[in-house]
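Some notes on the structure that comes next.
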Amino acid sequence: MPKNKLTELGAASTRCAVCPIREKALFQVVAEDYLAEAESRRTAQYRLPARTSLYQEAAQASMAYTLFEGWILLYRTHFDGSRQGLRIALPGDFVGYAPASDATYSHGAMAITDVTVCGFRQADMHAMIDNHTDIARQISNIQSGYLATCESNVLGLGRKSAEQRIAHAVADLYHRLDLRAEVDGASCSMPFPLTQEMLGELTGLTPVHTNRVLRKLRAEGILRCERQRAEIQDLARLVELGGYHSVG
């Protein structure tokens, strides 16, 4: 796994008070008077190139991050070194948080695209949780949502066919990107920077099997993926095939 290559943005960092993703992120619950404190707790904004690691599984969990821009793959590593994708983090998602009792990350995080993140020391997050019950409640809600997503993915790995797994993964990304106004309503298309290998890691399939399924879905007029975009040709059939139900 490529090592962390974070570059601090410095003066180019976005102020929390005018952050365009704040309404989707952890600090949406913070009152205006507390924003200065939230920003003072932020170490910096950082840039990370695609295909590099934000943090690695079992490494010391010193930092947590809000994803400001780009896509991140969260994963666990098998004994043979292969990856099992857990979920895709999108702008506004809060990643890498560890309770005070945890010393290491339970999973790894790899940039799918070039990404920008806001960094917070775990100790500062714990202090904010102690001082602001609204932040504690928001983190609890976020972690609960992530758990529901992982539970849904585990059910899919154990019970769904390859076509159903991919349909569910794409339908979930469509729903989440639609909430972020990143779906082109006219063409029913969305950004899709996942490689077939990454999509296979997320769904427990080999790249060859993933390619076969994508060709089948395209031939059936359901989904077409090309040039880092996915066109949903038949959203109703995609949702039905994947057995998709939004978990928030």
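Here, each number is a calculation from the coordinates, and none is a lab measurement. Nothing here was measured: the structure is a model prediction, and the numbers come from that model. Positions of Cβ are generated from backbone atoms using ideal geometry, with glycine treated the same way; all protein chains shown enter the neighbour counts.
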>> Between helix 122-131 and the chain, what is the angle of the helix's C-alpha long axis to the longest principal axis, kept within 0 to 90° and rounded to the nearest 10?
In response: 70 degrees
> According to a simple spin-label model (label point 7 Å from Cα along Cα-to-Cβ), what is the distance in nm between Leu157 and Ser101?
Replying inline: 2.4 nm
> Which whole-Hz ³J(HN,Hα) couplings does region 203-220 yield from phi under the Karplus relation 6.51 cos²θ - 1.76 cosθ + 1.60, θ = phi - 60°, glycine and proline marked x?
Replying inline: 10, x, 10, 6, x, 5, 5, 4, 4, 4, 5, 4, 5, 5, 5, 5, 4, 8
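Suppose the chain between Thr113 and Glu69 were pulled fully straight at 0.36 nm per residue; how much longer would it get relative to their current alpha carbon spacing? Numbers along the way, then the final one.
Working: separation 44, 0.36 × 44 = 15.84 nm, distance 0.91 nm.
Going from the current span to full extension adds 14.9 nm.
Please report the net charge: other residues with Cβ closer than 14 Å to the Cβ of Ser189, K and R +1, D and E -1.
With Lys, Arg at +1 and Asp, Glu at -1, the neighbours total -2.
Compute, for region 106-248, the length of the dipole vector about the Cα centre, with Cβ point charges of +1 (Lys, Arg) and -1 (Asp, Glu) only. Units Debye, rounded to 20. Don't skip to the end; give the middle numbers.
Working: 15 positive and 17 negative charges, 92 e Å.
In total the dipole reaches around 440 debye.
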> Each residue of region 176-193 in turn: what ³J(HN,Hα) in whole Hz from Karplus with 6.51, -1.76, 1.60 and θ = phi - 60°, glycine and Pro shown as x?
Replying inline: 5, 6, 4, 4, 9, 6, 10, 9, 7, x, 5, 9, 6, 10, 8, x, 8, x
> How many nm is it between the label spots at Arg137 and Arg218, if each spot is 7 Å from the Cα in line with the beta carbon?
Replying inline: 4.8 nm
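Given the Cα-Cα distance of Gln60 and Thr7 and 0.36 nm per residue of separation, how much length would full extension add, in nm?
Working: separation 53, 0.36 × 53 = 19.08 nm, distance 1.95 nm.
Taking 0.36 nm per residue and subtracting the Cα distance, the gain is 17.1 nm.
What FRET efficiency comes out for the pair Glu231/Cys150, r = Cβ-Cβ distance, R0 = 35 Å, nearest 0.05? Present the calculation step by step, with values, prior to reporting the outcome.
Values: r = 28 Å, r/R0 = 0.79.
With R0 = 35 Å, the Cβ-Cβ based efficiency is 0.80.
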> Taking R0 as 22 Å, what's the FRET efficiency between Thr206 and Glu182 from their Cβ-Cβ distance, rounded to 0.05?
Replying inline: 0.15
> Quick one: what do you get for the chain if you divide its Cα Rg by 2.2 N^0.38 Å?
Replying inline: 1.02
